[in-house]
Every structure is written in structure tokens, then in C-alpha cells.
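Engineer: Quick one: structure below, then a few questions.
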Amino acid sequence: MAPKITRIKSIEFTYPIEDLGWDENGFNFVYDPGSTIERTLYGLQVHTDEGVTGEYVGGTSPAMAQVNMFADYLVGKNPLKRERHWSEIKRALRKYDRMGIGPVDIALWDFAGKYYDAPIHELLGTYRERIPAYASTYHGDENGGLDSPEAFADFAEECLDMGYTGFKMHGWSGGDGARDIAREAATVRALGERVGDEMDLMCDPACEYETFGDALKVGRACDEAGFFWYEDPFRDAGISQHAHGRLSEMLDTPILQTEHVRGLEPHTDFLANGATDFLRADPEYDAGITGAMKLARVAEGFGADVEFHAPGPAQRHCIAAIRNTNYYELALVHPDVKNTQPPVYRGGYSDMLDTIDDDGTVGIPDGPGLGVDYDWKYIEENQTGSVHIYE
């Protein structure tokens, strides 16, 4: 008898991060000593008649609202038929961004690994067992943390001493229409001068720059400093193929796009039209491990590399099974603030700044499925009361 899904449960919960606040617009995390942010995430469980449960912790409220649209479809279905479910749900959510597929697909892969008693990367086909990591910072602040070009360079040097071989800056935000582009460019140059000969450097404005001209100015600084990539620079929201194709023509630094583009086909179009040099993927954002691995294969066919967004066990398993990728993003990091990792892992799994080894690499969880043990007691004790059950 094939296994069947009997019940799906999602739990919204919160956890605190100390010395962290919001920028002036309330959109970016920044260092803010004495402040505490309550972050919201979701715990997802896919129960089966085998007594094996697929699990994942992550997600956003819009994504979980989409889960509400298709969870009933999965009840009674075979959890191993991931490709079939992926295709059907993709069609069902065709009017939306389909981010709801991600958490559920990851949980189905977790079930499969537990069912077959193998880590997910073995089911995908293992390529590597250690992954080079880069330090990916919080946004710049005005509070005595990452508040100047020198502060970013000092932190990059600290990360280099720890063993990191890559460093990515997220610069400052500006809510009054007056971006300090000169400070952004100065930070790029300071990083290049301080550690450029010893680290791969990346710049990710996260679509903060207001004009194409601003993006061009900082991009030329990236050229001077020999940056490894330049990511999502300006207010097109990271989705214009034409704009980034033009930007790429004017710069030597490779462009990395598609973190904000949803779907296999639009990602493919970015590569086909020369609008990005590196492809971006995220198993939570890009329709699960199933969707993310499709992006990796598309990139491979174009002779391009795929770089994964954000840290997490699902990302580690994907990267472990991919040849054409370079780094694991250890985010978000800061000299005075903890990473945003939720306190839900038992058994030593960590995405904190000090998790790398002396060679600057992280390992792959080797237990069945995702290979992590979630603390469901913590999740339940910190739930908001928003619990959804489908059976």
C-alpha cells in the first residue's frame, strides 16, 4: 500500500531577536541596541498513515495563506508523488506568486527522506559534503554598528580572520528620497581595499537605489574593487530583464538577479535574454526543493551558476546536490547582533556567524530527511493562536 497524507497542520509562532530594530521605513532589519524584534514564522507538519511526518519551519503569512488554498487537495494523496503535486498546485495557484508551494514541498521531501531513511541530498544525488559560506550582513545602520564604510571593512576583516572566503554588504536604506550613493560606493571601495585580494565580495542593495543612474554609479565602484557579483540594485524591484541586461552591458561586475522573480519560466527568460549572469534560487520562495532544483538544472544548461538565497537546512541539501554553485549565504550577520535563526533546532544545527569551520565551510545535515530535529515544544509554547489543521 502506498503511503497517504492524513493531516496537515501549520502553527504560527514568534521569537525575539535582541538589539535589532527596523530602519526608518520599517522594512529592513538594522542594529538597534536595546530594542527587541518579535519575528513570526510557521511550523508545518505533514502527517501520514505510515506514522512518518514531514516537517518544515519557515514561511511567511502570504505563503501560508496560499497553503490554505490547496492543503485539502493533498489530504488522502500519496506524499511521494511530489512532481505530480508540484504540477497540480502550480496550476491551481497560477494567479498568485506560488510561494505557498515551498514550505509544503520541503516538508514532503523531509517525509521522503525519513521514509527511505536517507538525507535529502542523497535522494537528489550528492555532489559535495562541505559548502563554502559567505558572510551576508544586516543593512547598514546609524547606531554605532555597521554605520560607515570603515565599519563594514572592519567586519569583513573579522570575518576573513574567522575563515570566511566571501563577504556581502547590504547598504543603507533611505526613506526621504535622498540616497547617499557616495557612501555606498565608498563602502564598496573600502571593502575592496581592505580584503579584496583575499575574499570574494558581493554588493546587494536589495532594490534600495532609486534610479538606474544610482545603480550604475555603485556598479562602477564594484568594477574598480573587483566585486564577485552585484545583486538587485535598484527600484525596478529586481524584475526588469531589459534594465538589468542594459546594466550588465555597462559593467564588468557580474549581475545576480531573480531573487524577486517567481517561477521556473521567468527565471529561464532572465538567462535566455542575458538579463543576469548568476541565477538566484530559494527552496522556500521558488516552489520548494522541487522548484529550486529545476532552476539549478536550467542554469546548468545555460552554463551559468545558481546561487541560493538565505541559510537553512533545505538550502544546504540543495547546494550539496549541485555542481554549478559557489556559496552558502550565512545571513544575516553583524558584529553585535545574532543571526535571525529561530531557536527551534535541537542537536546542534546552527546558522550563526561562528558556525563555519577553519576553511570557511558548513556541513550538510546527515540524518534522514532534512536531518534536523525541530523543537515543537518551543513552537507550541510561542504560538500566536493561529493554527490551521487540514484533514
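The values are calculated or read from the model by the stated rules, or taken from the named source; none is laboratory data. Note that the structure is a prediction, hence the values are computed from the model and not measured. Quick reminder, even Gly has a Cβ in these numbers, built from the backbone with ideal geometry, and neighbours come from all protein chains shown. Ligands, DNA and RNA are excluded from the accessible area calculation, which covers all protein heavy atoms including side chains. Shrake-Rupley method; radii C 1.70, N 1.55, O 1.52, S 1.80 Å.
Engineer: Please indicate, with yes or no, whether at least one residue in the range 71-80 is surrounded by 15 or more Cβ atoms within 10 Å (Cβ to Cβ) and either within 22 Å of the chain's Cα centre (by Cα) or assigned to a strand (DSSP E or B) (or both).
Structural biologist: no
Engineer: Within the range 312-337, which residues are more than 26 Å from Asn143 (Cα to Cα) and in a loop (DSSP other than H, G, I, E, B)? Don't jump to the end; show me each part of the working.
Structural biologist: Step one: filter the range 312-337 for residues more than 26 Å from Asn143 (Cα to Cα), giving 312-328.
Hits for the range 312-337 are Gly312, Ala321, Ile322, Arg323, Asn324, Thr325, Asn326, Tyr327.
Residue-wise test of (1) over 16 Å from Thr361 (Cα atoms); (2) surrounded by fewer than 19 Cβ atoms within 10 Å (Cβ to Cβ).
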site: Gly263; (1), (2): yes, yes
site: His267; (1), (2): yes, no
site: Ala272; (1), (2): yes, yes
site: Thr276; (1), (2): yes, no
site: Ala296; (1), (2): yes, no
site: Pro313; (1), (2): no, no
site: Ile322; (1), (2): no, no
site: Tyr327; (1), (2): no, no
site: Val333; (1), (2): no, no
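Engineer: One residue is enough: does the range 128-136 have a residue meeting the conditions farther than 30 Å from Pro365 by Cα and among the polar types (S, T, N, Q)?
Structural biologist: no
Engineer: When you go through (1) outside any helix (DSSP H, G or I); (2) surrounded by fewer than 20 Cβ atoms within 10 Å (Cβ to Cβ) one by one for Glu307, which number turns out not to apply?
Structural biologist: (2)
Engineer: Okay, next question. Does Tyr116 satisfy the criteria of being closer than 30 Å to Gly166 by Cα, out of contact with any Cys (no Cβ under 6 Å at 6 or more places or on another chain), open to solvent by 30 Å² or more (accessible area, probe 1.4 Å) and among the aromatic types (Phe, Trp, Tyr)? Lay out the reasoning, then the answer.
Structural biologist: Working: closer than 30 Å to Gly166 by Cα: no; out of contact with any Cys (no Cβ under 6 Å at 6 or more places or on another chain): yes; open to solvent by 30 Å² or more (accessible area, probe 1.4 Å): yes; among the aromatic types (Phe, Trp, Tyr): yes.
No: the conditions fail for Tyr116.
Engineer: Of the residues Gly301, Gly263, Gly288, Gly213, which is over 25 Å from Gly166 (Cα atoms) and under 15 Å from the mean Cα position of the chain (by Cα)?
Structural biologist: Gly288
Engineer: So Thr340 ticks every box in (1) touching a residue at least 40 places away in the same chain (Cβ under 8 Å); (2) among the polar types (S, T, N, Q); (3) part of a helix (DSSP H, G or I) but one. Which box is left unticked?
Structural biologist: The number of the failed condition is (3).
Engineer: Check the range 54-70 and report whether any residue there is of a type in the set (Val, Ile, Thr) and open to solvent by 60 Å² or more (accessible area, probe 1.4 Å).
Structural biologist: No, every residue in the range 54-70 fails to be of a type in the set (Val, Ile, Thr) and open to solvent by 60 Å² or more (accessible area, probe 1.4 Å).
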